[in-house]
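Working notes, structure below.
The values are calculated or read from the model by the stated rules, or taken from the named source; none is laboratory data. In this text the structure is predicted, and so the values were computed from the model without any measurement. A quick note on method: Cβ atoms are made from the backbone with ideal geometry, for glycine too, and the neighbour counts reach across all protein chains shown.
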Amino acid sequence: MKRFIQTVSLCLFSAFFVFATYKLPTWFPADIYLRLDPLLGLNAILAAREIIGRALWAVITIGATLVIGRFFCAYVCPMGASIDFLDFIFFRKKKRPVLKAEASFRKAKYFLLVIFITAAIAGLSLAFLMDPMSLLTRFYTFFIYPLAITLINLLLDLVRPLFQALGWVTLSHLHYFQSVYYMSAITLLIFGGIIVFNRLAPRSWCRYLCPLGAFLSLISPLGIFKRRVSDECNECLKCQKVCPMGAIVENPRRTHLPECIQCRTCAKVCPQNAITFPASLSLGGEYSQVDFSRRGFVYSLAGGLGAGFLATQTPFTLRQSKHQLIRPPGAIPETEFLRTCIRCGECMKSCLTNTLQPCLWESGFSGLWTPKMDLRLAPCDQNCNVCGKVCPTQAIRSLSLEEKTHAKAGTAILRKEMCLVWAQNKICLICDEICPYNAIVFRPVEGYRRPVVVASKCNGCGFCEQRCPVKGEAAIVVVPDGEIRLKEGSYIKEAKKLELEFKPDPGDDRFILEDSGLKIEEGGKKVKDRTPAVEPVPEKPKGFL
Amino acid sequence: MDYHRRKISRRQFLKTAAAGMAIGMMNGPSSLIAKEEYDLVVISGDPAAATKKALEAMGGISRFVKKGQRVILKPNMSFSRTPDFGTTTHPLVIVTVAQACIEAGAQQVLVLDHTLQRAELCLERAGIREACKNIPGVHVLALQERKFFREIKIPQGKVLERVEVIKEVLDNSVLINMPVAKSHSATGVSFGMKGLMGLIWDRESFHSQYNINQAIADLGTVIKPQLTILDATRALVSGGPGGPGQVKKPNLIIAGIDPVAVDSYGVSIAPWYGQNFKGRQVEHLLIAHQRGLGKIDIDQLTIFKEKA
């Protein structure tokens with residue numbers, strides 16, 4: 001039963017993950033697992049000092065835990081399911097070491113919880129480091145998902161000759177877009193580390209480290225269902241051995257309630273059928289106390305504050321709005337963004353063009369795994385607004401397409417010394433050709449028509465930067481200058497206020513024509529090309545003689 | 001308002017219908033005699049009707065498509081914009097030709113383009129896949145992987161020596177080029193000749209490495225569509241090729257075997273960037289003409305014009 005529900009939950013988690021694409025309907029909560037995570041919610045609310053609507057979903061989890069107990073870890077948590085599954089594969093037959101300091105290991109998760117909460121209060125979002133939901137989503141985004149695409153494409157390539165022979169046209173041309181990410185390797189190492197850690201004891205992660213588990217265990221003794229051992233018990237201690245959480249103490253009749261995840265494994269193995277899980281209102285006495293020293297509490301408080309201090313009192317903080325990062329459109333102002341983002345990676349997974357990439361150290365420790373746009377790699381598509389839709393804490397606001405278009409992410413600037421047209425008098429118009437907003441115009445300068453960016457029309461989508469044919473860094477790059485980042489309110493209004501316009505403007509090209517009455521000076525530079533030299537004729541549009 | 005006045009009585013209807021039939025029959029035979037003498041067919045009207053008429057006037061699709069053949073339609077669906085932007089070929093034009101090909105016994109119709117923007121989005125927004133989905137044997141594909149292309153040599157290439165082309169185009173298929181009429185910031189206009197760049201892998205080098213006008217002509221020496229149908233139902237007269245720009249409505253379908261002639265006529269149907277041009281003034285068309293790929297002076301062509 002437990003295994004079945006666990007499997008269903010893991011499948012559901014995976015399915016919601018798969019559904020997070022640009023086609024996602026607005027009502028569909030693809031980020032539901034992250035929303036239900038009370039630790040992430042609490043972390044974001046405390047760090048951002050604001051109530052976040054989507055984080056309130058976690059009240060469901062808290063309520064259910066108050067009623068039932070710490071069932072979440074055994075039945076719902078996809079991380080727990082993954083750990084159980086991989087544990088079954090790798091360590092099933094391994095003999096586990098006996099841990100003498102087990103009890104003090106257990107405290108670690110509470111210390112971590114306190115550290116994360118305190119750090120959040122100090123204004124640093126840190127829970128993402130170890131929160132299982134964030135961790136697993138990240139692992140899925142940066143490793144499982146690209147791997148799955150690779151495998152599917154490999155398989156398609158293998159059977160392609162068969163499809164061709166059968167004349168199945170669509171299948172024989174099927175190929176899925178391969179997303180690639182920075183930091184895939186680091187993410188894999190962390191996840192792998194967690195799995196290896198479970199070699200120590202089953203669910204070591206959940207027992208000793210998981211801060212979400214710690215959070216839930218604090219309230220779980222209030223739950224109604226509790227393990228009860230009848231007089232039939234002959235103290236064979238089988239239950240103690242199989243308990244994946246080590247929640248059964250020396251006296252097998254008693255239960256360490258905060259640790260019990262109600263998986264009922266003990267009831268299954270009991271030869272006397274002495275174990276049941278009836279409803280009971282008692283609090284479980286001494287064993288429901290959380291083993292947590294005052295000293296440890298103070299230390300971890302200090303640790304959290306220290307981490308918060310270290311991460312926020314650095315030059316990075318002062319440079320926060322001055323670094324070269326381009327955040328996705330709709331990202332709230334940088335300080336709030338860093339506090340609110342829980343680094344789950346949903347936005348990067350769902351990103352249509354793969355432009356969203358995780359930061360490593362670009363904005364310091366406080367910016368690990370936050371999304372940035374790598375516009376040389378891919379542009380931001382004007383018909384997609386999925387990153388905000390899937391953001392569980394709304395660090396990227398969910399915007400309508402119209403609003404998102406006005407959420408200016410930055411401004412393109414032309415680096416004339418690198419531009420083929422400006423520096424080498426070559427004929428190149430790719431940036432103009434690809435710009436969806438007509439923000440690049442050609443003006444006659446020194447007898448040649450040269451590209452110029454109209455800043456008030458550029459919303460930083462980066463098509464120009466990605467397509468620029470100059471090798472290496474592009475000759476046209478999007479910089480954060482002019483970005484609009486609003487915590488609330490309409491981007492359209494803000495853009496209007498700033499007199500920006502990101503709209504089709506057919507009149508623009510005509511304007512240039514009228515503008516370009518310039519004549520080429522005799523003996524001007526010749527175009528160096530292998531072509532029958534074509535002098536640019538300013539009076540006529542490009543391509544006409 | 002007197003709505004009932006607008007109603008047509010049965011008698012009136014029959015009369016009108018009979019008159020229509022008569023006119024149709026009078027017209028009919030004339031539009032069926034050997035059309036091969038025409039260099040160009042220019043039909044004005046709604047996308048579907050005009051396309052149908054243009055095919056008829058060209059002597060019927062069976063002149064180009066034989067039973068059991070594979071047909072490749074090359075629309076422009078390179079941009080993820082809806083048809084009203086004028087950046088992509090009208091779905092109804094494509095679907096009409098695809099349907100005709102299937103009716104003529106084509107074994108398979110592939111609607112192919114190497115899209116500039118993400119394939120999935122282009123297919124979704126251009127509306128061509130949606131329009132063709134109910135016709136068995138018609139497949140709309142956007143290819144963005146190199147493995148679907150094959151390299152060929154260009155013996156007469158001036159700037160290009162070799163080029164990678166979508167495999168299906170090279171495998172004895174009938175190729176019908178179906179561009180949309182639009183302006184182009186690098187080549188002036190983008191019709192059939194320029195549209196061939198949608199069948200190759202590396203189009204970026206055309207812009208950065210080679211003289212694009214020569215390269216297009218080079219490409220024209222190896223990829224030769226049997227028929228070009230220019231969708232000028234809408235014309236993106238500025239802001240091309242990606243739009244947004246000014247969209248005019250010439251409501252024309254221009255068909256012909258000579259790819260340069262079709263394009264050259266296309267130049268004359270609307271002012272581009274607010275100016276009137278002739279085919280000769282479009283550099284890549286002139287080069288193509290000079291290299292013997294087709295006629296460029298439309299006043300020397302026999303043109304069949306009609307309303308659909």
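Are there any pairs, at least 6 apart or on different chains, whose C-beta atoms fall under 7 Å, with the first in the range A:98-110 and under 19 Å from A:Gly304 (Cα atoms) and the second outside any helix (DSSP H, G or I), and if so, which?
Partner pairs satisfying both residue conditions: A:Phe105/A:Leu99; A:Arg106/A:Asp291; A:Lys107/A:Asp291; A:Lys107/A:Phe292; A:Lys109/A:Cys210; A:Tyr110/A:Val290; A:Tyr110/A:Phe292.
Of all residues in the range B:187-218, which are surrounded by fewer than 24 Cβ atoms within 10 Å (Cβ to Cβ), more than 18 Å from B:Ile166 (Cα to Cα) and among the small types (Gly, Ala, Ser)?
B:Ser208
Consider B:Tyr265 carefully, then state whether it is over 27 Å from B:Ile166 (Cα atoms) and either within 14 Å of chain A (Cβ to nearest Cβ) or surrounded by fewer than 24 Cβ atoms within 10 Å (Cβ to Cβ) (or both).
No.
Which of the residues that make up the range B:219-230 are among the hydroxyl-bearing types (Ser, Thr, Tyr) and farther than 17 Å from B:Ile166 by Cα?
Once the filter is applied, which keeps residues that are among the hydroxyl-bearing types (Ser, Thr, Tyr) and farther than 17 Å from B:Ile166 by Cα, the range B:219-230 yields only B:Thr228.
Does the range B:212-228 hold any residues that are assigned to a helix (DSSP H, G or I) and without any contact (Cβ under 8 Å) to a residue 60 or more places away in the chain, and which are they?
The one that is assigned to a helix (DSSP H, G or I) and without any contact (Cβ under 8 Å) to a residue 60 or more places away in the chain: B:Ala215.
Identify all residues within the range A:400-432 that are crowded, with 22+ Cβ neighbours inside 10 Å, within 20 Å of A:Gln382 (Cα to Cα) and free of Cβ contacts under 8 Å to residues at least 40 places away in the same chain; write none if there are none.
A:Ile430, A:Asp432 - these are the residues of the range A:400-432 that are crowded, with 22+ Cβ neighbours inside 10 Å, within 20 Å of A:Gln382 (Cα to Cα) and free of Cβ contacts under 8 Å to residues at least 40 places away in the same chain.
Filter the range A:360-373 down to the residues that are on the phi < 0 side of the Ramachandran plot and surrounded by fewer than 21 Cβ atoms within 10 Å (Cβ to Cβ) and list them by number.
Scanning the range A:360-373 gives A:Leu360, A:Trp361, A:Glu362, A:Phe365.
Would the range B:49-70 turn up any residue that is within 13 Å of chain A (Cβ to nearest Cβ) and under 30 Å from A:Phe463 (Cβ atoms)?
So far as the range B:49-70 goes, no, none of its residues is within 13 Å of chain A (Cβ to nearest Cβ) and under 30 Å from A:Phe463 (Cβ atoms).
Please indicate, with yes or no, whether at least one residue in the range B:286-308 is within 14 Å of chain A (Cβ to nearest Cβ) and in a strand (DSSP E or B).
No, the conditions are met nowhere in the range B:286-308.
Within the range B:270-284, does at least one residue satisfy the condition of being part of a helix (DSSP H, G or I), hydrophobic (A, V, I, L, M, F, W, C), at pLDDT 90 or above and touching a helix residue (DSSP H, G or I) at 6+ places or on another chain (Cβ under 7 Å)?
no
Any idea which of (1) outside any helix (DSSP H, G or I); (2) surrounded by fewer than 23 Cβ atoms within 10 Å (Cβ to Cβ); (3) under 19 Å from the mean Cα position of the chain (by Cα) is the one B:Gln144 doesn't satisfy?
Unmet for B:Gln144, out of (1) outside any helix (DSSP H, G or I); (2) surrounded by fewer than 23 Cβ atoms within 10 Å (Cβ to Cβ); (3) under 19 Å from the mean Cα position of the chain (by Cα): (3).
Please work out which residue is nearest to the other protein chains (Cβ to nearest Cβ), limiting yourself to the range B:219-248 and to residues that are surrounded by 24 or more Cβ atoms within 10 Å (Cβ to Cβ) and among the charged types (D, E, K, R).
B:Arg234
Could you list all residues from the range B:94-105 that are within 14 Å of chain A (Cβ to nearest Cβ) and either surrounded by fewer than 24 Cβ atoms within 10 Å (Cβ to Cβ) or more than 26 Å from B:Leu55 (Cβ to Cβ) (or both)?
Hit for the range B:94-105 is B:Ile102, nothing else.
Please pick out the residue among B:Gln117, B:Gln156 that is in a loop (DSSP other than H, G, I, E, B) and within 12 Å of chain A (Cβ to nearest Cβ).
When all the criteria are applied, what remains is B:Gln117.
So that you can scan it fast, the table gives a plain yes or no per residue for (1) of a type in the set (Gly, Ala, Ser); (2) at pLDDT below 95:
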{"site": "B:Lys67", "(1), (2)": "no, yes"}
{"site": "B:Ile72", "(1), (2)": "no, no"}
{"site": "B:Phe79", "(1), (2)": "no, yes"}
{"site": "B:Thr82", "(1), (2)": "no, yes"}
{"site": "B:Ala98", "(1), (2)": "yes, no"}
{"site": "B:Arg118", "(1), (2)": "no, yes"}
{"site": "B:Cys122", "(1), (2)": "no, yes"}
{"site": "B:Cys132", "(1), (2)": "no, yes"}
{"site": "B:Gly137", "(1), (2)": "yes, yes"}
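Taking the range A:165-185 as the region of interest, how many residues are more than 14 Å from chain B (Cβ to nearest Cβ) and touching a residue at least 12 places away in the same chain (Cβ under 8 Å)?
Counting residues in the range A:165-185 that are more than 14 Å from chain B (Cβ to nearest Cβ) and touching a residue at least 12 places away in the same chain (Cβ under 8 Å) gives 5.
Quickly run through the range A:119-132 and pick out the residues that are buried (at least 24 other Cβ atoms within 10 Å of the Cβ) and part of a helix (DSSP H, G or I).
A:Ala119, A:Ala120, A:Ala127, A:Phe128, A:Pro132 - these are the residues of the range A:119-132 that are buried (at least 24 other Cβ atoms within 10 Å of the Cβ) and part of a helix (DSSP H, G or I).
Among the residues that make up the range A:133-154, is at least one of them surrounded by fewer than 22 Cβ atoms within 10 Å (Cβ to Cβ) and within 30 Å of A:Thr317 (Cβ to Cβ)?
Looking for residues that are surrounded by fewer than 22 Cβ atoms within 10 Å (Cβ to Cβ) and within 30 Å of A:Thr317 (Cβ to Cβ), one finds at least one in the range A:133-154, hence yes.
Do you know which of the residues in the range A:16-73 that are surrounded by 15 or more Cβ atoms within 10 Å (Cβ to Cβ) and among the basic types (Lys, Arg) is nearest to the chain's Cα centre (by Cα)?
A:Arg35
Using the structure shown, decide if A:Pro161 is at pLDDT 95 or above, surrounded by fewer than 21 Cβ atoms within 10 Å (Cβ to Cβ) and touching a helix residue (DSSP H, G or I) at 6+ places or on another chain (Cβ under 9 Å).
no
With the condition kept exactly as written, say whether any residue in the range A:278-285 is touching a Gly at 6+ places or on another chain (Cβ under 6 Å) and buried (at least 17 other Cβ atoms within 10 Å of the Cβ).
no
Quick check on my filter: what residues within the range A:74-102 are outside any helix (DSSP H, G or I) and under 28 Å from the mean Cα position of the chain (by Cα)?
Passing the criteria: only A:Cys77.
Got at least one residue in the range A:439-448 being touching a residue at least 24 places away in the same chain (Cβ under 8 Å), within 12 Å of another protein chain (Cβ to nearest Cβ) and out of contact with any Leu (no Cβ under 9 Å at 6 or more places or on another chain)?
yes
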